[in-house]
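*Asks:* If you scroll down you'll find the structure; I have some questions about it.
The values are calculated or read from the model by the stated rules, or taken from the named source; none is laboratory data. Worth saying up front: this structure is predicted, and the values here are computed from it rather than measured. Neighbour counts run over all protein chains shown; Cβ positions are idealised from the backbone, glycine included.
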Ligand SMILES: [Zn+2]
């Protein structure tokens, strides 16, 4: 958790019909509207900035600041966003001679609320520079009889 993230969550929470609920807590519209018949018209969730946790009295949704930031669709610092990401797919791209030229990896969940992200790197683990990355994305590497293997 970073002070920047706490500040970002705090200000996002305050835009959700917030009111001071107690000394340490702000009530705000629940970020899980599907848990409420009226989409939580009368704010039921509580955010504690000091402890960086939240809880909804009505639907029971609760958690730490990262989960809340995700629900509020706030961009997470890269480092934090990586914490629970998993590799869910890996492809090796080979040229016509069978030599691996690139590796493509799928990570889930993706950053900034996306379902997934793809990262590319050279078979030796180096990240391609901007030009190489563009070439890979646009398929400029010719697959002359090469195979795409899982
Ligand atoms: Zn709720």
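*Asks:* Kindly check whether there is at least one residue in the stretch 15-24 that is touching a strand residue (DSSP E or B) at 6+ places or on another chain (Cβ under 9 Å) and under 23 Å from residue 112 (Cα atoms).
*Replies:* The answer is yes; a qualifying residue exists.
Matching residues to (1) over 17 Å from residue 122 (Cα atoms); (2) modelled with pLDDT of 80 or more; (3) in contact with a helix residue (DSSP H, G or I) (Cβ under 9 Å, 6 or more places away or on another chain); (4) within 16 Å of the ligand (Cβ to nearest atom):
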position: 48; (1), (2), (3), (4): yes, yes, no, yes
position: 69; (1), (2), (3), (4): yes, yes, yes, no
position: 72; (1), (2), (3), (4): yes, yes, yes, yes
position: 84; (1), (2), (3), (4): yes, no, yes, no
position: 97; (1), (2), (3), (4): no, no, no, no
position: 110; (1), (2), (3), (4): yes, yes, yes, no
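*Asks:* Within the stretch 50-67, track down each residue that is within 15 Å of the ligand (Cβ to nearest atom) and in contact with a helix residue (DSSP H, G or I) (Cβ under 8 Å, 6 or more places away or on another chain).
*Replies:* 53, 54, 56, 58, 59, 60, 61
*Asks:* Separate question: Given the criteria more than 13 Å from the ligand (Cβ to nearest atom) and surrounded by 11 or more Cβ atoms within 10 Å (Cβ to Cβ), does residue 5 qualify?
*Replies:* Yes: the conditions hold for residue 5.
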